[in-house]
1. In region 21-87, which helices (runs of 4 or more DSSP H) lie fully inside it and hold 2 or more residues that are farther than 20 Å from residue 129 by Cα?
2. Residue 126 - would you say it is closer than 18 Å to residue 55 by Cβ, touching a helix residue (DSSP H, G or I) at 6+ places or on another chain (Cβ under 8 Å) and outside any helix (DSSP H, G or I)?
3. Looking for whichever is surrounded by fewer than 16 Cβ atoms within 10 Å (Cβ to Cβ), more than 19 Å from residue 26 (Cα to Cα) and out of contact with any helix residue (DSSP H, G or I) (no Cβ under 7 Å at 6 or more places or on another chain) here; the options are 133, 76. Which one fits?
4. Of everything in region 27-68 that's out of contact with any helix residue (DSSP H, G or I) (no Cβ under 7 Å at 6 or more places or on another chain) and buried (at least 17 other Cβ atoms within 10 Å of the Cβ), which residue is farthest from residue 89 (Cα to Cα)?
5. Which of (1) at pLDDT below 95; (2) over 25 Å from residue 139 (Cβ atoms) is the odd one out, the single condition residue 31 does not satisfy?
6. What pairs can you find where one residue is in region 55-70 and free of Cβ contacts under 8 Å to residues at least 12 places away in the same chain and on the phi < 0 side of the Ramachandran plot, the other is surrounded by fewer than 20 Cβ atoms within 10 Å (Cβ to Cβ) and in a strand (DSSP E or B), and their Cβ atoms are less than 9 Å apart, with a gap of 6+ or different chains?
């Protein structure tokens, strides 16, 4: 995903939303289609990017199978991005370092899941991201990507 369009001073012309995708999400479309659907991550990102454009936002995306890469991206977003949408994958359930990094981010955070973890195996019911997220969008399949960006736009518009 290309970086945001900036003015001559390097300031983004539109607010930037960082979309983070955690481990194994690069396998969407192939992995467990009965749970996660047949759309690829690229298709979900395109949906989110279209929703961002419609809302007057720019979208940047990073997928990583490495927790530290996601944390580094959150740190780099501080003071630069207006909001974060994060689908942490399995990191949802145990990555307290991800929780701490998101807690240090100064804009809205929306947690995103294709399936609803609370309706699945008991070990998936705990989200360490939920306490630091302004909203959670879960169980809406691919529509969740569009809805998560719309939620961000609403959160950014509030006084």
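1. Qualifying helices (runs of 4 or more DSSP H): 33-36, 41-54.
2. In short, no.
3. After ruling out the rest, the residue left standing is 76.
4. 49
5. Among (1) at pLDDT below 95; (2) over 25 Å from residue 139 (Cβ atoms), residue 31 violates only (2).
6. 69/62
The values are calculated or read from the model by the stated rules, or taken from the named source; none is laboratory data. Predicted model only: the values in this text are computed from it and were never measured. When we count neighbours, we look across all protein chains shown, and the Cβ atoms used for this are built from the backbone with ideal geometry, even at glycine.
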